[in-house]
Amino acid sequence: MNIRFAALRDADGIYRLLYQVAAVHSNGRPDIFRKGAKKYNDSRLQEILNNPDTPVFVAVNDDNYLLGYAFCVIEEIKDHPLLMDDKSLYIDDLCVEETMRGQHIGKALLEYVRAYAVSIGCRRMTLNVWECNPSARAFYDKNGFSVLKTTMEQMLEAE
């Protein structure tokens, strides 16, 4: 397995995995996520891949078949009136091919992203995980993540 920066040639594999992630979310929260939806179109994916502040990493096998990805965003706070200056790497989306899960591909991606974050001077990595995805939550817990803040909801009934 090789982990590297994603390129436009990886688009088909990225889209395949984006649909897998979308299915998990639309099955868990059909009131929020559209069934069968793709998170990015071609132009948005190209924009992300060309932006140094939104690095995307892919894990591929020897045949360049995409096994997993990590979409990241570099976040920096400077001269904020309330918050301390900070630089962090936000993991916007991490997915491993569903047939390849349990083979430590996700852990390898996380370790690669962590090393990258350290190399560019980040102080932390952050991410969000949906409560309708307990296996992802368990994966992040197992890999050293802890709760930074909690987003809560209260459903409002139409009168």
### Summary
Flagged in the range 57-66 as crowded, with 18+ Cβ neighbours inside 10 Å and over 14 Å from the mean Cα position of the chain (by Cα), in numbering order, are V60, L66
### Query
What are the residues in the range 24-50 that are among the aliphatic types (A, V, I, L, M) and either more than 15 Å from the chain's Cα centre (by Cα) or open to solvent by 80 Å² or more (accessible area, probe 1.4 Å) (or both), if any?
I32, A37
### Filter result for R114 (open to solvent by 60 Å² or more (accessible area, probe 1.4 Å), in contact with a Leu (Cβ under 9 Å, 6 or more places away or on another chain) and more than 19 Å from G13 (Cα to Cα))
yes
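Matching residues to (1) free of Cβ contacts under 8 Å to residues at least 60 places away in the same chain; (2) polar (S, T, N, Q); (3) under 27 Å from D31 (Cα atoms); (4) in a loop (DSSP other than H, G, I, E, B):
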position	(1), (2), (3), (4)
L94	yes, no, yes, no
L110	yes, no, no, no
A115	yes, no, no, no
E157	yes, no, yes, yes
### Task
Those residues that are within 17 Å of A70 (Cβ to Cβ) and hydroxyl-bearing (S, T, Y), I need them from the range 20-53; list them, please.
Y40
### Query
Any idea how many residues of the range 132-147 are in contact (Cβ under 8 Å) with a residue 12 or more places away in the chain and not in a helix (DSSP H, G or I)?
4
### Query
For residues in the range 117-131 being assigned to a loop (DSSP other than H, G, I, E, B) and of a type outside the set (K, R), which is surrounded by the fewest Cβ atoms within 10 Å (Cβ to Cβ)?
G121
### Query
Given the structure, is T54 exposed (fewer than 12 other Cβ atoms within 10 Å of the Cβ) and within 23 Å of M1 (Cα to Cα)?
no
#### Entry: Number of the condition not met by K107 [criteria: (1) at pLDDT 95 or above; (2) farther than 30 Å from D85 by Cβ; (3) open to solvent by 40 Å² or more (accessible area, probe 1.4 Å); (4) out of contact with any Lys or Arg (no Cβ under 9 Å at 6 or more places or on another chain)]
(4)
### Message
Based on this model, can you work out whether T150 counts as open to solvent by 80 Å² or more (accessible area, probe 1.4 Å), of a type in the set (S, T, Y) and over 20 Å from N27 (Cβ atoms)?
### Response
yes
## Note on the structure
Wholly inside the range 1-86, strands (runs of 3 or more DSSP E) that include 1 or more residues that are among the small types (G, A, S) are 56-60, 66-77
### Message
Which count do you get for residues in the range 81-107 that are within 17 Å of the chain's Cα centre (by Cα) and farther than 16 Å from A136 by Cβ?
### Response
2
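The values are calculated or read from the model by the stated rules, or taken from the named source; none is laboratory data. Just so it is clear, the structure is predicted and the values come from calculations on it, not from any experiment. Note that we place each Cβ from the backbone using ideal geometry, even for glycine, and neighbour counts take in every protein chain shown. With ligands, DNA and RNA removed, areas are computed over all heavy atoms of the protein, side chains included. Shrake-Rupley method; radii C 1.70, N 1.55, O 1.52, S 1.80 Å.
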